[in-house]
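The values are calculated or read from the model by the stated rules, or taken from the named source; none is laboratory data. On a predicted model such as this, the values are computed, not experimentally measured, just so you know. Positions of Cβ are generated from backbone atoms using ideal geometry, with glycine treated the same way; all protein chains shown enter the neighbour counts. Remember, those area values only see protein heavy atoms, side chains included, never the ligands or the DNA or RNA. Shrake-Rupley method; radii C 1.70, N 1.55, O 1.52, S 1.80 Å.
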Amino acid sequence: MHELSITQSIVDAVCERAAGRPVRAVSVRVGMLTAVVPDSMRFCFDLTTAGTVAEGAALEIEQPPGTARCRACSEDFALADLVLLCPCGSADVEITSGRELQIVSMRVG
Amino acid sequence: MCGTCGCSGGGEGGTGTVGTRIAVPHAHPHDGDHVHPVAIRGTAGGGETITLEQRVLAKNEDLAARNRSWLAEQGIVAVNMMSSPGAGKTTLLERTIRDFAGLRPVAVIEGDQETMLDADRIKRAGSTVVQVNTGAGCHLDAEMMRDALTTLAPVSGSLVLVENVGNLVCPALFDLGERSRVVIISVTEGTDKPLKYPYMFAAADLVIINKIDLLPYVDFDVARCEEYARSVNPALRSLAVSATTGEGMRDWYDWVAGQY
Ligand SMILES: [Zn+2]
């Protein structure tokens, strides 16, 4: 359950930045290729915000899909999982999205 | 909404109704990259939106960077050892400590959810050891690493082996400031483990396949396992060993020497 520590990090950062103001919504970006499960994150968010200025805040999760660029054929292609294989057969690929784990914004007041 | 990739956001909507849109470029696997408004700054109705755009694990990563530079200054190599429970990690550590005796100081950071059992085994093998009980936690983090290093006070030139909590998912996400990451699997597990736990194998520098003395009795394909591991991490190196018989351990020691 690393989602608990990850969500705790989000709540800590958000509460610090809110400086006492009530937090209404928190928006995060969790790439499809991170080992973070959004449903677990939502569950942990309700737990870790309890008793803080972010209690009751909405959690908005944006999930960028996995994409990669092939160094052999220069094509961009979708990556459903971490198996790094271009449709052209090359495994020399670079992940270009899907590993994001960011706090995008929050709404206060 | 973006019709091809289905990502949220899209051309309309967002998190509020008033104010300036802050567009964030967002790469797409299809033609026509575009931007999605992800936040709206304004004060009417829904309060004020504050753009943060910060990494979730920024605090841990900063601490890990500090650990890493401290270790480098001391000429200490820290290796983060990860595996599922029962892969033979503690046995591999015990043998390593015994074989390094007189050659290089070895210190161990032992992460366990509960008990001192592994730390006691490590101490008996002749190494200084710090036990970190994570309780409900399923991984070590950079702060635990810093505190453990402070207590352990390894001498310069040491090899610090970090026995992370037995788990092939959570530890992969937390940088400790280590020099390198090793994932250990044993032949009593499935050949397809790298495909089932791709994040761990993607994050590792070396995979050690342990318990090869049991290969005649189990259904495990070393070459195929290595192939799966490299499908998620083409740069991953691999070694096959038996910590019980000592077979292949020389390769592991050579790899450690190569980290200095
Ligand atoms: Zn290609």
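Using a 1.4 Å probe, what is the accessible area per residue for the protein assembly as shown, in Å²?
Working: 16300 Å² over 369 residues.
Heavy-atom SASA per residue in the protein assembly as shown reads 44 Å².
Put +1 on the Cβ of every Lys and Arg and -1 on every Asp and Glu Cβ in region B:100-255; which of B:Thr134, B:Val187, B:Phe100 then has its Cα farthest towards the positive end of the dipole?
Going by the Cα projections, it comes out as B:Phe100.
With +1 on each Lys and Arg Cβ and -1 on each Asp and Glu Cβ, how big is the dipole of region B:76-137 about its Cα centre, in debye rounded to the nearest 20?
With only Lys, Arg, Asp and Glu charged at Cβ, the dipole is about 260 debye.
How far is the Cα center of region B:221-239 from the Cα center of region B:151-177, in Å?
Between the Cα centre of region B:221-239 and that of region B:151-177, the gap is 23 Å.
Bin all alpha-carbon pair distances of region A:1-103 at 10 Å intervals from 0 and give each bin's fraction as a whole percent.
Calculated over all Cα pairs of region A:1-103, the distribution is 16, 38, 22, 16, 8, 1 percent.
For q values of 0.07, 0.13, 0.15 Å⁻¹, compute log₁₀ I(q)/I(0) with the Debye formula on a Cα-only model of the protein assembly as shown, without solvent.
-0.36, -1.09, -1.29
For chain A, with the dipole built from +1 on Lys and Arg beta-carbon atoms and -1 on Asp and Glu ones, taken about the Cα centre, which of A:Ser97, A:Pro38, A:Ala58 lies farthest toward the positive end?
The one lying farthest along the dipole's positive direction is A:Ala58.
Looking only at other chains, what is the average number of their beta-carbon atoms within 10 angstrom of each beta-carbon in A:75-84?
4
Normalised by the number of residues in region B:110-197, what is the relative contact order in percent for Cα pairs under 8 Å and 6+ residues apart?
30
Can you list residues from other chains, or at least 5 along the same chain, whose modelled amide H is less than 5 Å from the amide H of B:Val129?
B:Val108
Using a simple charge model, +1 on the beta-carbon of Lys and Arg, -1 on the beta-carbon of Asp and Glu, nothing else, what dipole does region B:56-197 show about its Cα centre, in debye to the nearest 20?
Here the size comes out at about 380 debye.
Diagonalise the Cα gyration tensor of region A:1-60 and give the resulting equivalent ellipsoid semi-axes, square root of 5 times each eigenvalue, largest first, whole Å.
Working: eigenvalues 77, 24, 19 Å².
Equivalent-ellipsoid dimensions as semi-axes: 20, 11, 10 Å.
Calculate one ³J(HN,Hα) per residue across region B:180-194 by plugging θ = phi - 60° into the Karplus curve 6.51 cos²θ - 1.76 cosθ + 1.60, and present them in order as whole Hz with x for glycine and proline.
Values per residue, Gly and Pro as x: 8, 10, 10, 10, 10, 10, 10, 5, 7, 9, x, 4, 8, 3, x Hz.
Is the C-alpha gyration tensor of region B:200-260 telling us rounded, prolate or oblate? Criteria: a/c under 1.5 is rounded; beyond that, a/b larger than b/c is prolate, otherwise oblate.
Working: a/c = 2.82, a/b = 1.09, b/c = 2.57.
In terms of gyration-tensor shape, oblate.
Ignoring everything except DSSP H segments at least 4 long, calculate the 222 nm mean residue ellipticity for chain A; use -39,500 (n - 2.57) per segment, divide by total residues, nearest 500.
-8500 deg cm²/dmol
To the nearest whole number, what is the average tally of beta carbon atoms from other chains within 10 Å of the beta carbons of peptide A:19-28?
Mean number of neighbouring Cβ atoms from other chains: 3.
Given H placed 1.01 Å from N in the peptide plane, which residues other than close sequence neighbours of A:Thr96 have an amide H under 5 Å from its amide H?
For A:Thr96, the qualifying residues are A:Thr67, A:Ala68, A:Arg69.
Is region B:123-260 best put as rounded, prolate or oblate by its Cα gyration tensor, with a ≥ b ≥ c the root eigenvalues, rounded for a/c under 1.5, and otherwise prolate when a/b is larger than b/c, oblate when not?
Judged from the Cα gyration tensor, region B:123-260 comes out prolate (a/c at least 1.5, a/b above b/c).
Show me, for region B:231-237, the HN-Hα J-couplings you get by feeding each phi into the Karplus relation (A = 6.51, B = -1.76, C = 1.60, θ = phi - 60°), rounded to Hz, glycine and proline as x.
Ordered by residue, 3J(HN,Hα) equals 6, 9, 7, x, 8, 5, 8 Hz.
So for the protein assembly as shown, taking the charge dipole from beta-carbon charges (+1 Lys/Arg, -1 Asp/Glu), which of A:Met1, A:Val14, B:Thr115 sits furthest toward the positive end?
Towards the positive end, the residue furthest out is A:Val14.
For the pairs B:Lys89/B:Lys196; B:Lys123/B:Lys211; B:Lys59/B:Lys193, flag any whose C-alpha to C-alpha distance is greater than 25 Å. If you can, show how the numbers build up before the last one.
Working: B:Lys89/B:Lys196 20 Å; B:Lys123/B:Lys211 23 Å; B:Lys59/B:Lys193 31 Å.
In this structure, B:Lys59/B:Lys193 exceed 25 Å between Cα atoms.
Output the relative contact order of region B:144-260, whole-number percent, from Cα pairs under 8 angstrom with separation of 6+ residues.
With pairs under 8 Å counted, the relative contact order is 22 percent.
Hey, what's the Cα Rg ratio for region B:38-132 versus the globular rule of thumb, 2.2 N^0.38 Å?
1.73
Given H placed 1.01 Å from N in the peptide plane, which residues other than close sequence neighbours of B:Glu53 have an amide H under 5 Å from its amide H?
A:Val104, A:Ser105
Tell me, what HN-Hα J-couplings in whole Hz come from the Karplus equation 6.51 cos²θ - 1.76 cosθ + 1.60 at θ = phi - 60° for each residue of region B:74-82, using x for Gly and Pro?
So the Karplus estimates, Gly and Pro as x, are 7, x, 9, 9, 9, 10, 8, 9, 10 Hz.
Treat every Asp and Glu Cβ in region B:183-260 as -1 and every Lys and Arg Cβ as +1, leave all other atoms uncharged, and give the resulting dipole magnitude about the Cα centre to the nearest 20 debye.
Dipole size: approximately 180 debye.
For the pair B and A, how large is the buried accessible area, both sides, in square angstrom to the nearest 100, if the probe is 1.4 Å?
By this definition, chains B and A bury close to 3200 Å².
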